[in-house]
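Asks: Handing you this structure, nothing more for now.
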Amino acid sequence: MKIYLLVILFLIQSINGFSQKLTTELKTKIDSIVNPYIKQYSIVGMSIGIVDDDKSYTVNYGQTAQQNGFPVTDSTMFHIASITKVFTATAIMQLVEQGKLSLDDKLVEILPDFKLKSKDYDKITIKHLLTHT
């Protein structure tokens, strides 16, 4: 569950400049879904982002720290740790779907200035990087 909340948080950071005004009805519905999780998982603060076609909305909850925290705003930065691996893999797979990249592409073809001491560095593919092999 926490990983989904972090994904949502990241998405909010990328869309907050385009955020629309929430209706009272939508805010109430979001609150009814989110508040039980906040209570169950003792979440101190979080942001939620919703994208519906060309409209996006943000809702902020809680504060930045358990003690002496500031209210969470659209500009609040959160530590997202290892979830960046998921974002990177998703972005790469989107490029693969668009035909701009292949999993079998060699890293040196994409980054020609990339060099390692190992003589086999030129065999490293995108797939190797994504699977850590």
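The values are calculated or read from the model by the stated rules, or taken from the named source; none is laboratory data. In this text, all values refer to a predicted model and were calculated from it rather than measured experimentally. Glycine also receives a Cβ, built like all others from the backbone with ideal geometry; neighbour counts cover every protein chain displayed.
Asks: Consider segment 74-131. How many of its residues are closer than 30 Å to Val59 by Cβ and charged (D, E, K, R)?
Replies: Selection size over segment 74-131: 2.
To keep it simple, each residue is scored yes or no on (1) among the charged types (D, E, K, R); (2) under 20 Å from the mean Cα position of the chain (by Cα).
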residue	(1), (2)
Glu25	yes, no
Asp31	yes, no
Ile50	no, yes
Tyr61	no, yes
Val86	no, yes
Gly99	no, no
Asp104	yes, no
Asp113	yes, no
Ile124	no, no
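Asks: Here's another thing I want to ask about it. Within segment 69-84, is there a residue that is part of a helix (DSSP H, G or I) and of a type outside the set (Ser, Thr, Tyr)?
Replies: yes
Asks: Still on this structure, I have one more. Condition first: exposed (fewer than 14 other Cβ atoms within 10 Å of the Cβ), more than 28 Å from Ile33 (Cα to Cα), charged (D, E, K, R) and out of contact with any Lys or Arg (no Cβ under 9 Å at 6 or more places or on another chain). Can you find one or more residues in segment 83-102 that meet it?
Replies: yes
For (1) at pLDDT below 95; (2) out of contact with any strand residue (DSSP E or B) (no Cβ under 7 Å at 6 or more places or on another chain), each residue gets a yes or a no:
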| site | (1), (2) |
| --- | --- |
| Gln66 | yes, yes |
| Asp74 | yes, no |
| Thr84 | yes, yes |
| Leu103 | no, no |
| Leu111 | yes, yes |
| Phe114 | yes, yes |
| Asp122 | yes, no |
